[in-house]
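See below for the structure under consideration.
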Amino acid sequence: HARAVAALRQAAPPLFSFDTPIPYVGLQQMFDESAPWGIRGYEKAVSFEELTDAAIDVIAEHVPRKTSPMSFMPTFVLGGEYARHADDETAFGGSRRTRYVLNIAAVAPTAELLEVDREWARAFWTDLVPHAAGVGSYVNFMSEIDPDRVAASYGPEKYERLSRIKAVYDPDNVFHLNPNIRPALV
């Protein structure tokens, strides 16, 4: 913690500070009020090498169509330290070049409202894909597990390497209720 904030404090010494180490569970509990028990959600994400005018036009067209006030589209810029590593240095899927990940999140307090915004998220994603780097994306933003999208998210070489590792540590595919990497057949 001290190393993480030292550069900030040196560059702009604060008049006062509210930063402090926090237990992981405490950090997670900070989100409790924004995601109350029983809330429903659906996500689809897509990655871009750059946000083109055409992609921005799709965003401008679809964002106002959401129905639930809880639905949103966070945008993540993956650059900096993320982009300083080679593609094969981590298990994280996709290219290590600076890119953007758009997570289309349908979030609603009722099943009926979720169904409307689930269709909004699907149509939004479908219209964005032609402008994207492909159908793969950050696997934690996949509500529907499509094996082809999972494989595309990692790329063929990385997926194969992770599949061989899974064959060693989880050959029976016990941990499969996620965007699954199937164990390689040995």
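The values are calculated or read from the model by the stated rules, or taken from the named source; none is laboratory data. Computed from a predicted model, the values in this text were never measured in an experiment. Glycine also receives a Cβ, built like all others from the backbone with ideal geometry; neighbour counts cover every protein chain displayed. Areas reflect the complete protein model, heavy atoms only, side chains present, ligands, DNA and RNA absent. Shrake-Rupley method; radii C 1.70, N 1.55, O 1.52, S 1.80 Å.
The residues of the range 10-23 that are within 22 Å of Glu81 (Cα to Cα) and open to solvent by 100 Å² or more (accessible area, probe 1.4 Å) amount to a single one, Gln10.
Screening Pro109 against (1) in contact (Cβ under 8 Å) with a residue 40 or more places away in the chain; (2) more than 16 Å from Phe72 (Cβ to Cβ) leaves a single unmet condition, (2). Of the residues Arg118, Arg161, Arg122, Arg97, the single one that is open to solvent by 50 Å² or more (accessible area, probe 1.4 Å), outside any helix (DSSP H, G or I) and among the basic types (Lys, Arg) is Arg97.
Read through the list (1) under 18 Å from the mean Cα position of the chain (by Cα); (2) of a type in the set (Asp, Glu); (3) farther than 30 Å from Glu61 by Cα, then give the number of the only condition that Asp148 fails. Of (1) under 18 Å from the mean Cα position of the chain (by Cα); (2) of a type in the set (Asp, Glu); (3) farther than 30 Å from Glu61 by Cα, only one is false for Asp148: (3).
The number of residues in the range 164-180 being more than 17 Å from the chain's Cα centre (by Cα), open to solvent by less than 100 Å² (accessible area, probe 1.4 Å) and of a type outside the set (Gly, Ala, Ser) comes to 7. Cβ separations smaller than 9 Å between residues 6+ apart or across chains give the following pairs from the range 61-85 residues that are within 20 Å of Ala111 (Cα to Cα) and part of a loop (DSSP other than H, G, I, E, B) to residues that are open to solvent by less than 60 Å² (accessible area, probe 1.4 Å) and charged (D, E, K, R): Lys66/Asp117; Thr67/Asp117; Ser68/Asp117; Met70/Asp117; Ser71/Asp117. Restricting Leu128, Leu78 to those that are among the aliphatic types (A, V, I, L, M), under 30 Å from Pro36 (Cβ atoms) and more than 14 Å from the chain's Cα centre (by Cα) reduces the list to Leu128.
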